[in-house]
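Everything below concerns the one structure shown next.
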Amino acid sequence: MGWSLQRRTTNAPHRLLVFQRRTQHLAAKIAITEHGHDNLDIVYCDTGSEHPDGLRILAAAEEWFNHPITIVRSEKYVDTWDVWTRRKFITGMHGAPCTVELKKKPRFAYERPDDLQVFGYTADANDVKRASRFVEQNPGITTSFPLIDAGLTRSDCLAMFERNVGPLQEMYRLGYPNNNCIPCPHGGLGYFNMIRRDFPEAFDRMARLEREFGHALHREADGAPIWLDELDPTRGDIRTEPDFNCSLMCALAEDVTA
């Protein structure tokens, strides 16, 4: 695809930069295969709020890559709870502050203008659209989308990771569509009912924050708030709810709409 890789016209040295998330595992492996290990950084943004099984995944991925993974994190906030409580805000029409503080700012502090950035967008239709939009909105970033170029879907990537590295992250095995923070404020009613089942302390803590801030994460069609501490345990079905995954695209959307 013509837009999938913005190539430099000079021979100046540059760094390949892969930010490690979800299907980025396979994107990183392809980058190593195509470009080698020299001048390649594989980076993981640690939000402090994901499932601890992620540490196993990072170790397994490093072994598979035979390449170290650099961990970056916010210098100001410890985790999502720290962001929400200190900012006294969870999420709104312009997005969630945790995405900016824990993912966007550490990432932008690490990257350089001359990096060739490798992204894990897949060949699934929605991901192709996201990748195309990213290129259009960020003409100054040199990008590579190896999974799209290879025609690999999200399911392909997860299956290949499981075959080559080991069991998927615990969140996938519990039935969640993404390995997001626990909990992610972008999740629907079905998602939060699953969080109540699997992580009751996190559910209760979020319910208390809703009340403290006077802001419900969900609303009825008529605008009435749906408070988590009043959520019917039978409401929602995560299988039919819109997919959500906090990524750089979330931060870009927040910049555009702010």
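Rule-based calculations on the coordinates, nothing more; no lab input. Just so we're clear, the structure is a prediction, and the values are computed from it rather than from any experiment. Virtual Cβ from ideal backbone geometry, glycine too; neighbours counted across all protein chains shown.
Axis of helix 125-137 versus longest Cα principal axis of the chain: the two differ by about 70°, to the nearest ten degrees.
List Ile90, Ile71, Ile57 from most exposed to least, where exposure is judged by having the fewest other Cβ atoms within 10 Å.
On the way: Ile90 20, Ile71 12, Ile57 23.
Ranking Ile90, Ile71, Ile57 by Cβ neighbours within 10 Å, fewest first, gives Ile71, Ile90, Ile57.
Taking the three principal axes of the alpha carbon atoms in segment 79-149, the coordinate ranges are 42, 29, 19 Å, sorted in descending order. Among Ala109, Ile42, Ile71, whose Cα projects farthest towards the positive end of the dipole of the chain, with charges put on the beta-carbon of Lys, Arg (+1) and Asp, Glu (-1)? Among Ala109, Ile42, Ile71, the one farthest towards the positive end of the dipole of the chain is Ala109. Computed about the Cα centre, the dipole magnitude for segment 16-177 is approximately 660 debye when only Lys and Arg (+1) and Asp and Glu (-1) carry charge, each at its Cβ.
Were the residues from Arg211 through Asp149 laid out at 0.36 nm apart, the gain over their Cα-Cα distance would be 17.7 nm.
Quick one: net charge around Leu189, please, counting Lys, Arg +1 and Asp, Glu -1 for every other residue with C-beta under 11 Å from its C-beta.
Values: positive: Arg196, Arg219, Arg235; negative: Glu220, Asp232, Asp237, Glu241.
Result for the local shell: -1.
Two numbers describe the Cα atoms of the chain: Rg and Dmax, which are 18.8, 61 Å. Take every Cα pair under 8 Å whose residues are at least 6 apart in sequence, average their separation, divide by the length of the chain, and the relative contact order is 22 percent.
Counting only DSSP beta bridges with both residues in the chain, what percent are antiparallel, rounded to the nearest 5? The partial results should precede the final answer.
Working: 4 of 18 bridges.
In the chain, approximately 20 percent of DSSP beta bridges are antiparallel ones.
For the chain, a Gaussian network of Cα nodes joined below 10 Å ranks Gln137, Gln117, Gln169 by mean-square fluctuation, and the top entry is Gln137. Shown for Lys29, Lys129: other C-beta atoms within 10 Å of each C-beta, ranked fewest to most, produce the order Lys129, Lys29.
Looking at the P(r) of segment 53-117, how many percent of alpha-carbon pairs lie beyond 21 Å?
Details: 900 of 2080 pairs.
So the portion of pairs separated by more than 21 Å is 43 percent.
Taking the empirical scaling 2.2 N^0.38 Å for compact globular proteins as reference, segment 35-176 has a Cα radius of gyration ratio of 1.14.
This ranking places Trp84, Trp227 by how few other beta-carbon atoms lie within 10 Å of each, fewest first, which gives Trp227, Trp84. Among the lysines of the chain, pairs that are 8 or more positions apart or on different chains and have alpha carbons within less than 16 Å of each other number 4. So if R0 is 25 Å, what FRET efficiency would Trp227 and Thr91 give, r being the distance between their Cβ atoms, rounded to the nearest 0.05? So, using R0 = 25 Å, E works out to roughly 0.95. Only Cα sites of segment 167-225 enter the Debye sum here, all with the same form factor; the resulting log10 I(q)/I(0) across q = 0.16, 0.26 1/Å is -0.54, -1.14, listed in q order.
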